[in-house]
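Peer 1: The structure under discussion is supplied below as structure tokens; questions concerning it will follow.
The values are calculated or read from the model by the stated rules, or taken from the named source; none is laboratory data. Since we're looking at a predicted model, the values are computed, not measured. Here Cβ is always computed from backbone atoms with ideal geometry, including for glycine, and neighbour counts include all displayed protein chains.
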Amino acid sequence: MEKAKIVVVGAGPAGLAVGVEAKAKNISPVIIFEKAEAFCDTIQRLYRPGKRVDAVYRKMVIEPEGICRFETETKEDFLERMAKYIQEYELDIRYRSEVNAIEKGNGTYKVRVGSEFVAETPIVVIAIGIFGKPRKPDYPIPKEIKDRVFFEAPCECPQGGKVLVVGGGDTAAETACFLCEGCDEVYLSYRRPKFFRINPVNHENLEKKAQEGRVNLMLNTDIDHLEPDPEGVKVVFKDGKTMLFDRVYYCLGGSTPAGFLRSIGVEFQDGKPVIDEFYETNLPGVFLAGDIALEKGSIMAAFNTAHRVVERIVEKYGDLVR
Ligand SMILES: Cc1cc2nc3c(=O)[nH]c(=O)nc-3n(C[C@H](O)[C@H](O)[C@H](O)COP(=O)(O)OP(=O)(O)OC[C@H]3O[C@@H](n4cnc5c(N)ncnc54)[C@H](O)[C@@H]3O)c2cc1C
């Protein structure tokens, strides 16, 4: 595991600005993990070519407080500006690296990408924006069963019923084990003949539950589509077999930002993450920056959260990052 002074999750405007501000304060090493192949993925993907990037967005006039700033310009010019920041401040960005877990250790946090813990750090800044979404299957979900089909792991275990978990990664394994606590029957459908990307702990837990008969493993099963049924959800497999379930949980990767924060232990109140005036969560040393920390987001506001977060890190955790 690499050791870092700060780990930043997400290389959007907020995450990059955290990198810039930290570098300016001589904090090193700072590692930025980005799940996409390029920085500012939200902007690259969701802004049309030539779009005007407004410095005053949604009527919010925000004065820049830190190093990163911009005037209204095109998408391409804005991305060019961010590329220059990356170059000038020599930001260390690891692309194609989706952080899927952050675990508290002995005074530090361990950051997981894929099935491996890749970095250890006292400070984590989460700047993942609000546009993440869980992966969904290719076939449509009939509207009659939409309230029985989920694309994220449940926060609380539902009581009773026969449930199906779909997927072969860590989230699928963890969800299946978790659902055993309250559901009558738990099935796990995975289209490959064996699990190959779940971590050893989850694998062991899953095997144990399978041996106890609490999780029914259905390897080599591929779902063709779902149908509504008066009794619940009818799952039609590619080999023509059908099964009935009360609820179906797809765990196919990707997560909503709220799901991610909850999974690492960030507390929520009224549907919002609890943060203090410096954007620090209930987990000491874990900060939010950018859209995910704000009521109403914009690029300039994201830059400013980054500035304030780094100022606070230096003030409160100076001995850990210097
Ligand atoms: C169509 C559209 C037009 C807009 N126009 C304007 C405008 O004109 N002016 C303006 O100020 N604002 C505009 N906004 C809003 C602006 O884009 C956001 O406020 C800004 O992008 C927020 O920055 P951020 O860094 O918080 O999040 P994001 O830009 O969403 O960046 C988050 C980054 O984190 C990465 N990530 C997510 N999860 C993980 C993970 N688990 N591990 C690693 N990486 C992860 C993502 O791939 C992404 O690169 C617009 C938004 C949209 C959708």
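Peer 1: Sort out which residues of the stretch 247-278 are more than 30 Å from Leu188 (Cβ to Cβ) and among the polar types (S, T, N, Q), and write them in order of number.
Peer 2: Selection gives Gln269 alone.
Peer 1: Within the stretch 180-192, does at least one residue satisfy the condition of being of a type in the set (S, T, N, Q), under 19 Å from Asn220 (Cα atoms) and more than 22 Å from the chain's Cα centre (by Cα)? Give the steps one after another, and end with the answer.
Peer 2: In the first step, residues of the stretch 180-192 are kept if they are of a type in the set (S, T, N, Q); the result is 189.
Adding the requirement that they be under 19 Å from Asn220 (Cα atoms) leaves 189.
Now restrict to residues that are more than 22 Å from the chain's Cα centre (by Cα): 189.
Yes, there is a match, as at least one residue in the stretch 180-192 is of a type in the set (S, T, N, Q), under 19 Å from Asn220 (Cα atoms) and more than 22 Å from the chain's Cα centre (by Cα).
Peer 1: Here is a follow-up. Here is a list of conditions, (1) surrounded by fewer than 18 Cβ atoms within 10 Å (Cβ to Cβ); (2) touching a residue at least 40 places away in the same chain (Cβ under 8 Å); (3) under 19 Å from Glu207 (Cβ atoms), and Asp170 meets all of them except one; can you say which number that is?
Peer 2: (1) is the only condition that Asp170 fails.
Peer 1: Can you pull out every residue in the stretch 21-53 that is among the β-branched types (Val, Ile, Thr) and surrounded by fewer than 24 Cβ atoms within 10 Å (Cβ to Cβ)? Walk me through it before giving the result.
Peer 2: As a first pass, look at the stretch 21-53 and keep what is among the β-branched types (Val, Ile, Thr): 27, 30-32, 42-43, 53.
Hits for the stretch 21-53 are Ile27, Ile31, Thr42, Ile43, Val53.
Peer 1: Being assigned to a strand (DSSP E or B) and within 18 Å of Lys35 (Cβ to Cβ) is the filter; apply it to the stretch 111-120 and report the residue that is nearest to the ligand (Cβ to nearest atom).
Peer 2: The residue in question is Val113.
Peer 1: Follow-up question, since we're still on this one. Show the residue pairs meeting these rules: Cβ distance below 7 Å; 6+ apart or different chains; first residue within the stretch 75-103 and over 21 Å from Pro134 (Cα atoms); second residue among the acidic types (Asp, Glu) and in a loop (DSSP other than H, G, I, E, B).
Peer 2: So the pair list comes out as Ile93/Glu34; Arg94/Glu34.
Peer 1: While we're looking at this one, here's another question. Between Glu90, Glu103, which is over 30 Å from Val236 (Cβ atoms), more than 16 Å from the ligand (Cβ to nearest atom) and either assigned to a strand (DSSP E or B) or in contact with a Lys or Arg (Cβ under 8 Å, 6 or more places away or on another chain) (or both)?
Peer 2: Details: Glu103 fails: more than 16 Å from the ligand (Cβ to nearest atom).
Result: Glu90 is the single residue among Glu90, Glu103 that is over 30 Å from Val236 (Cβ atoms), more than 16 Å from the ligand (Cβ to nearest atom) and either assigned to a strand (DSSP E or B) or in contact with a Lys or Arg (Cβ under 8 Å, 6 or more places away or on another chain) (or both).
Peer 1: Which pairs have Cβ atoms under 7 Å, sit 6 or more apart or on different chains, and link a residue in the stretch 272-300 that is more than 18 Å from Val56 (Cβ to Cβ) and not assigned by TED's automatic domain parsing to the domain that holds Cys40 to one that is assigned to a loop (DSSP other than H, G, I, E, B) and within 14 Å of the ligand (Cβ to nearest atom)?
Peer 2: Close Cβ pairs satisfying both conditions: none exist.
Peer 1: Another question, if that's okay. Out of Ile62, Ile27, I need the residue that is part of a loop (DSSP other than H, G, I, E, B) and near the ligand (Cβ under 10 Å from one of its atoms). Which one?
Peer 2: Details: Ile27 fails: near the ligand (Cβ under 10 Å from one of its atoms).
Answer to the selection: Ile62.
Peer 1: Please determine whether any residue of the stretch 54-63 is in contact with a Ser or Thr (Cβ under 8 Å, 6 or more places away or on another chain), basic (Lys, Arg) and either buried (at least 19 other Cβ atoms within 10 Å of the Cβ) or farther than 26 Å from Pro122 by Cα (or both).
Peer 2: Step one: of the stretch 54-63, the residues in contact with a Ser or Thr (Cβ under 8 Å, 6 or more places away or on another chain) are 54-58, 60, 62.
Now restrict to residues that are basic (Lys, Arg): 58.
Those still in the list that are either buried (at least 19 other Cβ atoms within 10 Å of the Cβ) or farther than 26 Å from Pro122 by Cα (or both) too: 58.
Within the stretch 54-63 (the criterion being in contact with a Ser or Thr (Cβ under 8 Å, 6 or more places away or on another chain), basic (Lys, Arg) and either buried (at least 19 other Cβ atoms within 10 Å of the Cβ) or farther than 26 Å from Pro122 by Cα (or both)), the answer is yes, since at least one residue qualifies.
Peer 1: I want to confirm something. Restricting to the stretch 287-297 and keeping residues that are crowded, with 22+ Cβ neighbours inside 10 Å and either of a type in the set (A, V, I, L, M) or within 12 Å of the ligand (Cβ to nearest atom) (or both), which single residue is farthest from Gly66 (Cα to Cα)?
Peer 2: Within the stretch 287-297, the first condition is being crowded, with 22+ Cβ neighbours inside 10 Å, and the residues that meet it are 287-293.
Filter again for either of a type in the set (A, V, I, L, M) or within 12 Å of the ligand (Cβ to nearest atom) (or both), leaving 288-293.
Working: Leu288: 17, Ala289: 14, Gly290: 14, Asp291: 17, Ile292: 19, Ala293: 17 Å.
Checked the stretch 287-297; the qualifying residue farthest from Gly66 (Cα to Cα) is Ile292.
Peer 1: In the stretch 42-88, what count of residues is obtained for those that are hydroxyl-bearing (Ser, Thr, Tyr) and within 22 Å of Ile292 (Cβ to Cβ)?
Peer 2: Step one: list which residues in the stretch 42-88 are hydroxyl-bearing (Ser, Thr, Tyr), which gives 42, 47, 57, 72, 74, 85.
Then keep just the ones that are within 22 Å of Ile292 (Cβ to Cβ); that gives 42, 47, 57, 85.
The total comes to 4.
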